[in-house]
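Working notes for the structure below.
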Protein chains: 2
Amino acid sequence: MSEHAETLRHAEIERIRQLLVAERSDQLVERLSDLHASDVADIVEHLDEDERRCLMEVLPAEVASEALSEMEDEESPGELLASLPPDTIAAVVEELADDDAADLIGELEDEDRERVLESVVAPEEIRELLEFPEDSAGGIMTREIVSVPLGFTASQARARYRQFAADAEDLYTIFVVDPEGRLRGLITLRDLMMESPGSAVAEFLQQPLAVADVNMDQEEAVRLLSRYNVPSVPVVDDRGELLGCITFDDALDIVEAEGTEDMLRFASVSEEEGLRAGAVSAVKSRLPWLAVNAATLSAAAFVVWFYEDTIAQLAVLAAAMPVIAGLGGNAGTQALAVTIRRIALAHESPSERWGAVAKELLVGVVNGFLIGALVAVVALALPSTGPAFGAVVMVAMWVNLVVASTLGAFFPIVLERLGIDPAVASSIFVTTFTDLLGFLLLLGLATRFLI
Amino acid sequence: MSEHAETLRHAEIERIRQLLVAERSDQLVERLSDLHASDVADIVEHLDEDERRCLMEVLPAEVASEALSEMEDEESPGELLASLPPDTIAAVVEELADDDAADLIGELEDEDRERVLESVVAPEEIRELLEFPEDSAGGIMTREIVSVPLGFTASQARARYRQFAADAEDLYTIFVVDPEGRLRGLITLRDLMMESPGSAVAEFLQQPLAVADVNMDQEEAVRLLSRYNVPSVPVVDDRGELLGCITFDDALDIVEAEGTEDMLRFASVSEEEGLRAGAVSAVKSRLPWLAVNAATLSAAAFVVWFYEDTIAQLAVLAAAMPVIAGLGGNAGTQALAVTIRRIALAHESPSERWGAVAKELLVGVVNGFLIGALVAVVALALPSTGPAFGAVVMVAMWVNLVVASTLGAFFPIVLERLGIDPAVASSIFVTTFTDLLGFLLLLGLATRFLI
């Protein structure tokens, strides 16, 4: 955002604050009703708790609900909702899309969740959505779709669309179901417009390019959407019954969130820490991983301590330690990052994945040799060292980079096979292992050949 | 993919190979025409160069072009296209969406690019798209849109839509332009269906929620789409003339690619290395960064070397080195990952960004104190150390974590202000700096208080 836009927005937020204090709800409503929900959400995020609550009570339920569903932070919209009086909650939830309502309510503690659901007019629909795991196709789908029976004509389908489109989340697809509610095909809005009124839906329906099972992992379901370039993917249960659909706008949010999740987990930050979390959440999210790393690094420290006498005799080895460990960590991190994203995105078979390990082994052999040679030459230039010292540094570096690179591909693939997210703190384990191995090689070889 | 699905696909690819060898092009066409382009692309990616070329010449241009545009690897579809005979190139490019054609051709070397463009029937349209920077709104937009003049009625607009929708990339939006070609609004397909035939477009058009400037960065343009939940964003030049639009399917691909780019750059892998790149590209992409890191780590090694005498007298210090450096690197990496994604995704002002630095400082103070105390207690348990050793370790750890955490937020924000991608190899610089500082603190304090 430019400085100019920032100043403007700052002024706008100040103005909203003044109107809140002055209780000028008419002006507030007028000002905010013209904005897009995302912009209202942005303003809400800059108010404090009391101000947020006041504003929500003043705004029409339609505007308030849209702003809630567009807030970027994951937790606060639910908490804000729970803090409102029961009839405001009822009005706001009524206006929300069912999947957005379930997302907000799903983030709440059990007690708040029950209280909110008690205020809602039709809690059953939301309860049903809450039963699906949050990160499954069922957890992200909307039930607000337009569907027509197989026996309809184009003009009947058009009438049904006109009737329900205002409430539907996916405005571009009409689903076709049989009397048992099973998905039989779909009609695009374009086809519906092109067909003559009397055409039978059964004649011009299309087979969906992709269908998600309700229990499918959300990442997999979203990948169907991006793979087949469709605006939505229908979600069915194991009997083929149509339950809802996943829309492109939710898919975009999920792909963005998955990118962030991969990166944070990779860097050993818990996924619970939102990008704009405060210091307390950040401490809670990161401290456990630092403690885990302190424990794993103790193993590396133990190796060094074991060779204390060698270091006392040839202290220049201590200077080589960070170079060998650091470059091993770097090479391992490179292989990890590529492999984690490859697992996340590429459409690959297990055998192709093992090919990735072989590739990284080769990369480690080449890069390890070249970097090992480079560092050995620099080491030789130091006073008080000789060719044997250079050779030890070279070999330790080479072997460490080969193992680091291979492990960087191997480790996430194994984690994934075990059903663990391959990104989880994998950089801690790989870099600690390369520290440990690097020290063992450097100090072990030095003890044998240099002392 | 399950083992079962893998076996099936393997069999399918083998069958395609046999048909290619037997030159049974009729059967090939029949088998592949029924598949979705993404599935054909998947098969093509598993063939070798000669097989790919044969297959492309046999397939109808429509199928071949769709498969090319769905291939996941960035470089090979362009190269495959360039390897085809001139009239096949012409037929395939004719069928491609203009933005996909420009993407493929844009990846080629100058010489190949000219040769391909010479074979194309209407190279001007593609040349125009090629003039926009690859990562700008202009570089990712399609020009294949449906637009109607401001003076049309609903029924005229419907007729225009029927005429052009088959070629349009965004099937859900009709753009409205004035006689100078400037964007004046849009009509959704839903509105077009709902309105009575005689309604004037000028009466029921909507103002677009978001419009991208042709020079806007692609990330920013795509964020408009995800922010406003629209299936496409119109792209205009500085006179407001409508040039094209960016569609949700391209947006999904870009969001995915940006997540990968952030992660790879963060881990010091060049963005040119595709996720499925071979060993040669991987070596080329990573070696330069390893060499840079070797140079930065030399600075850390120099610090250690400077304190050679201290280490020779108290070799247990060498065991504390990796723990202090490693945890500093870890804390810095955590702060970096959060800040890089925050810059990439959050809608924030510069002053809010500086707030992130203050937050990380606080996180570093708390986590540094706790982890410092933990490590000091462990250090005290070692034989041959005393309270003074524990205190030195504690202070070095604490200060290092405070600086690491703060720098992890500060560094990417400064890079972004300087117009440099904040993710670029930032982990190398932050971890090397924390290595260096950690050693300086540990060995400097030890020299002063322990020797």
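The values are calculated or read from the model by the stated rules, or taken from the named source; none is laboratory data. It should be emphasised that the depicted structure is a prediction, and the values quoted were computed from it without experimental measurement. Note that we place each Cβ from the backbone using ideal geometry, even for glycine, and neighbour counts take in every protein chain shown.
Details
- Take the conditions (1) in a helix (DSSP H, G or I); (2) crowded, with 22+ Cβ neighbours inside 10 Å; B:Ser268 misses just one of them, which is (1).
- Filter result (hydrophobic (A, V, I, L, M, F, W, C) and more than 7 Å from chain B (Cβ to nearest Cβ)) within region A:321-335: A:Ile324, A:Ala335
- Qualifying residue in region B:252-265 (condition: surrounded by 19 or more Cβ atoms within 10 Å (Cβ to Cβ), outside any loop (DSSP other than H, G, I, E, B), within 16 Å of the chain's Cα centre (by Cα) and of a type in the set (Lys, Arg)): yes
- Qualifying residues in region B:279-292 (those that are closer than 19 Å to B:Glu45 by Cα and more than 7 Å from every other protein chain (Cβ to nearest Cβ)) - the one surrounded by the most Cβ atoms within 10 Å (Cβ to Cβ): B:Ser281
- Close pairs (9 angstrom Cβ cut-off, 6 or more residues apart or separate chains): buried (at least 24 other Cβ atoms within 10 Å of the Cβ) in region B:293-305, not in a helix (DSSP H, G or I) anywhere: B:Asn293/B:Ser268; B:Asn293/B:Ala425; B:Val304/A:Ala315
- Selection from region B:200-235 of residues that are under 20 Å from B:Asp99 (Cα atoms) and either in a strand (DSSP E or B) or not assigned by TED's automatic domain parsing to the domain that holds B:Asp249 (or both): B:Ala212, B:Asp213, B:Asp217, B:Ser232, B:Val233, B:Pro234, B:Val235
Each row is one residue, and each column tells you yes or no for (1) under 21 Å from the mean Cα position of the chain (by Cα); (2) more than 8 Å from chain A (Cβ to nearest Cβ); (3) at pLDDT 90 or above; (4) over 30 Å from A:Leu382 (Cβ atoms).
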site: B:Pro234; (1), (2), (3), (4): no, yes, yes, yes
site: B:Ile246; (1), (2), (3), (4): yes, yes, yes, yes
site: B:Ser268; (1), (2), (3), (4): yes, no, no, no
site: B:Ser298; (1), (2), (3), (4): no, no, yes, no
site: B:Ala312; (1), (2), (3), (4): no, no, yes, no
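- B:Val316 more than 33 Å from the chain's Cα centre (by Cα) and within 7 Å of chain A (Cβ to nearest Cβ): yes
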